[in-house]
Amino acid sequence: KFQYEEGENRNGIEIKLDRLMCATGNIFIEIQEKRRAEQDVWVNSGIWRKDNSWLYLIGHYNEIFIFGKKHLRIQQAIGGFEMKETPTSKGFLIPVIHARDIAVHTLKCVGGMK
């Protein structure tokens with residue numbers, strides 16, 4: 001209930017695991033979603049959801065990118081990123097190599113974790 005009314009957590013941090021990041025070399029930044037593929041109506045989500053989130057962390061177990069949500073909105077407005085759509089999600093792809101340059105900070109796991 002809190003997630004839908006306020007945001008992901010009380011700190012305003014949205015954390016996303018991108019399971020395909022290592023295979024595709026991209027991170028997927030969601031902008032709209034719908035609960036079921038059969039529905040016609042898309043709602044703003046991810047970086048465009050109106051909630052308390054201001055910080056957006058995304059990545060995989062070995063590398064995490066930290067962005068300000070406003071920064072990602074600006075990156076989308078600037079354009080140049082490939083748009084992607086699944087039956088229930090819309091967003092854009094940022095190549096990992098580019099994300100390393102534009103992220104506010106990057107966390108890397110050294111050793112052990114796979």
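The values are calculated or read from the model by the stated rules, or taken from the named source; none is laboratory data. Treat the numbers as computed from the prediction; the structure is a model and nothing was measured. Using ideal geometry, Cβ is built from the backbone for each residue, glycine included, and neighbour counts are taken over all protein chains shown. Keep in mind that these areas ignore ligands, DNA and RNA; they rest on the heavy atoms of the full protein, side chains included. Shrake-Rupley method; radii C 1.70, N 1.55, O 1.52, S 1.80 Å.
Looking across the stretch 7-33, the residues that are open to solvent by 30 Å² or more (accessible area, probe 1.4 Å) and in a loop (DSSP other than H, G, I, E, B) come down to 8, 9, 10, 11, 19, 20, 25.
I'd like to verify a number: residues in the stretch 69-114 that are part of a helix (DSSP H, G or I) and open to solvent by 100 Å² or more (accessible area, probe 1.4 Å), how many? Walk me through it before giving the result.
Here is the first cut: in the stretch 69-114, the residues part of a helix (DSSP H, G or I) are 69-78, 96-102.
Now narrow it down to the ones that are open to solvent by 100 Å² or more (accessible area, probe 1.4 Å): 70, 78, 97, 100-101.
The qualifying residues number 5.
Yes/no per residue for (1) modelled with pLDDT of 95 or more; (2) touching a helix residue (DSSP H, G or I) at 6+ places or on another chain (Cβ under 8 Å); (3) not small (Gly, Ala, Ser):
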site: 26; (1), (2), (3): yes, yes, yes
site: 33; (1), (2), (3): yes, yes, yes
site: 46; (1), (2), (3): no, no, no
site: 68; (1), (2), (3): yes, no, no
site: 92; (1), (2), (3): yes, yes, yes
site: 108; (1), (2), (3): no, no, yes
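Within the stretch 34-54, track down each residue that is under 14 Å from the mean Cα position of the chain (by Cα) and either touching a residue at least 40 places away in the same chain (Cβ under 8 Å) or open to solvent by less than 70 Å² (accessible area, probe 1.4 Å) (or both).
Listed by number, the residues that qualify are 45, 46, 47, 49, 53, 54.
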